[in-house]
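In what follows, a structure is listed as structure tokens, so that the remarks can point back to it.
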């Protein structure tokens, strides 16, 4: 039970850092919307999404899912405040997944330290291992180029304006497409091999 609670806390912390990173990036590029809405804070309450932050993680724990994932309420961003809306929106979107990659590196460093000091059975070692794994998952998942995921904003930066506008229209069906690909096994076949390679270099190489 302690380990489950620890995992949920790590997941919550990771998705909050993801959203805060979007907000700080937007602020850096001239948009104070997230700051004005009180979203540049580690206080979890403003970030909670009932489904993504509470219902889904608890449900995955109850069914003993082999993985745990969730999301926070997206930070509000107004591209009209950017000097270069298309470029700055892409960079703002990219900061979220990059923050998870940095967290994965930090968790992996602590994992290696506790592994050598306390062994792989230590609850801290297991917690840091989960922290690295969940952040690699968040990094890879959010870079999928399907709206509304961050990867779609990155892709739209490289598309001609007309094509980007047409592509953006599928956002209303985005999560239906994502969950459909997940249940068909397509996403797993793409994401998990990439994740395993990254986690090998973060957690296994040199041990």
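Assuming R0 = 30 Å, what is the FRET efficiency of residue 2 and residue 190, from their Cβ-Cβ distance, to the nearest 0.05? Calculated value: 0.35.
For a quick check: sort 31, 88 by the number of other beta carbons within 10 angstrom, fewest at the front.
Details: 31 24, 88 21.
Listing 31, 88 from fewest to most nearby Cβ atoms yields 88, 31.
Sorted ascending by nearby beta carbons within 10 Å, beginning with the fewest, 86, 120 become 120, 86. Annotation for residue 171 and residue 116: the two label points, set 7 Å from Cα along the Cα-Cβ direction, are 4.6 nm apart. Working from label points 7 Å from Cα in the Cα-to-Cβ sense, the residue 158 to residue 69 distance is 2.2 nm. Rounded to the nearest 10 degrees, the angle from helix 2-28 to the longest Cα principal axis of the chain is 30 degrees. The convex hull around the C-alpha trace of segment 83-171, projected and averaged over every direction, spans 6.6 square nanometres.
Just want the ordering: 200, 111, from fewest to most Cβ atoms lying within 10 Å of their own Cβ. Write down the numbers at each step before the final one.
Values: 200 10, 111 25.
Ranking 200, 111 by Cβ neighbours within 10 Å, fewest first, gives 200, 111.
What value, in deg cm²/dmol to 500, does the helix sum -39500 (n - 2.57) over DSSP H runs of n ≥ 4 give at 222 nm once divided by the residues of the chain? Using -39500 (n - 2.57) per qualifying helix, the result is -21000 deg cm²/dmol. Please build a GNM for the chain, connecting alpha carbons under 10 Å apart, and tell me which residue among 96, 30, 185 fluctuates the most. The residue with the greatest mean-square fluctuation here is 185.
Bear in mind these aren't lab numbers, they're just calculated from the coordinates by the rules spelled out. Predicted model only: the values in this text are computed from it and were never measured. Because the Cβ atoms are built from the backbone with ideal geometry, glycine has one as well, and the counts that use them run over all protein chains shown.
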